[in-house]
Amino acid sequence: MLAARQAYAQGQNITELLRQQKQLSYNSPEIIEAAYDLQAGTYIDYVENNLTQAQAYAGELAGLLSQHLKPQDSLLDIGTGELTTLSLIARQLPFPPDHLYAFDISWSRVHKGMAFAQQHMGDTFERLTPFIADISEIPLLDKSVNITVSSHALEPNGETLSELLEELFRVTIDKLVLFEPCYEINSEQGRQRMDRLGYIKNIAGVVEQLGATLVEQIPIKTSPNPLNPTVCFVITPPDVATRHAPTVRRPGKVFSVPGSNLPLENLDGFYCSQDTGLCFPVLKSLPILKSSAAILASALMD
């Protein structure tokens, strides 16, 4: 991590450096977490310096998302980063979701983002439950949220797109509204960049392979980077993903052992699993619900 910090200070691309160090051809969760931890706060700085453009982008996303969101729905934002895009989207929705969940793999990014969210999200902030998690093993019960949304959260996960979509299908009841880069409509220069950075491609094809339905595919007009064009992918999960009947979940009662349907209960400031004996810590009011953070503490539940 020390070498990564030094490289970041010199302006080097951290994901490329860490891939070389670990001799990997893809961005592992550890690489993504390290890169984003080092960048924590920079997205807020960018948005505050380019607020008009950021609000226009979020407004376009809010308009598309609102077509699939009902007032009683719960909404999950994956890879929320510093909560910048989510906060600006929430402010421009015609009505707030009944409950809003948001997570990122980087504790530092969410921690820094909470102040931005409190300032910009409006009344929806009171409905927000933030936590720390990995998209590959979401710590939510099966079919626990109505709508799942993203903004370039799947982007760096080119090698694991299929597995990540399956995990999103597991927790989502109604639809996924994913705002992600589209390799297929990109320029040759943009495609080369996406290849070099290990970005996702062929979302439509992977969705079809998994038995889900791509309802719509809409290019975003206000996408800020012409080399990384954003497309709205509206997806209905496959029927097989609904094997667990949806139930009414109380806010704060949807957490699970990461990637499973085993519930967690809040106990003595930790989130604990009676089934496994695993406990997950909370740091500065942010639950850290990653397998790497788990503590085996069965005696706590005696």
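How high is the FRET efficiency from residue 24 to residue 67, r the C-beta distance, R0 25 Å, rounded to 0.05?
Numbers: r = 39 Å, r/R0 = 1.55.
Result of the calculation: an efficiency of 0.05.
Grab every C-alpha pair in the range 142-204, bin the distances at 10 angstrom width from 0 up to the longest one, and report whole percents.
22, 49, 22, 7, 0
Just check the chain against the gyration tensor rule for me: Cα atoms, a ≥ b ≥ c as the square roots of the eigenvalues, rounded for a/c under 1.5, and otherwise prolate or oblate depending on whether a/b exceeds b/c.
Working: a/c = 1.34, a/b = 1.15, b/c = 1.16.
Rounded.
Among DSSP bridges having both ends in the chain, what percentage is antiparallel? Round to the nearest 5. Intermediate values should be presented prior to the final figure.
On the way: 24 of 44 bridges.
Percent antiparallel among DSSP bridges in the chain is about 55.
First measure r as the distance between the Cβ atoms of residue 282 and residue 98, then evaluate 1/(1 + (r/R0)^6) with R0 = 22 Å and state the FRET efficiency to the nearest 0.05. List each step's numbers first, then the result.
Details: r = 24 Å, r/R0 = 1.07.
E(calc), rounded to 0.05, equals 0.40.
Please check: in the Gaussian network model of the chain (C-alpha springs, under 10 Å), which one of 40, 115, 90 has the largest mean-square fluctuation.
The residue with the greatest mean-square fluctuation here is 115.
Check the chain and count each lysine pair with an alpha-carbon distance under 26 angstrom, considering only pairs eight or more places apart or from different chains.
Value for the chain: 19.
Can you give the relative contact order of the chain as a percent, counting alpha carbon pairs under 8 Å and 6+ residues apart? The partial results should precede the final answer.
Values: 598 pairs, mean separation 48.4, N = 302.
This gives 16 percent for the chain.
Would the range 91-138 count as rounded, prolate or oblate if I go by the C-alpha gyration tensor, calling it rounded below 1.5 in a/c and otherwise prolate when a/b exceeds b/c, oblate otherwise?
Numbers: a/c = 2.78, a/b = 1.49, b/c = 1.86.
Taking the square roots of the gyration eigenvalues as a ≥ b ≥ c, the range 91-138 is oblate.
Read-outs: derived from the displayed coordinates by stated rules, not from any lab. Nothing here was measured: the structure is a model prediction, and the numbers come from that model. Neighbour counts are summed over all protein chains in view; Cβ atoms, including those assigned to glycine, are modelled from backbone coordinates with ideal geometry.
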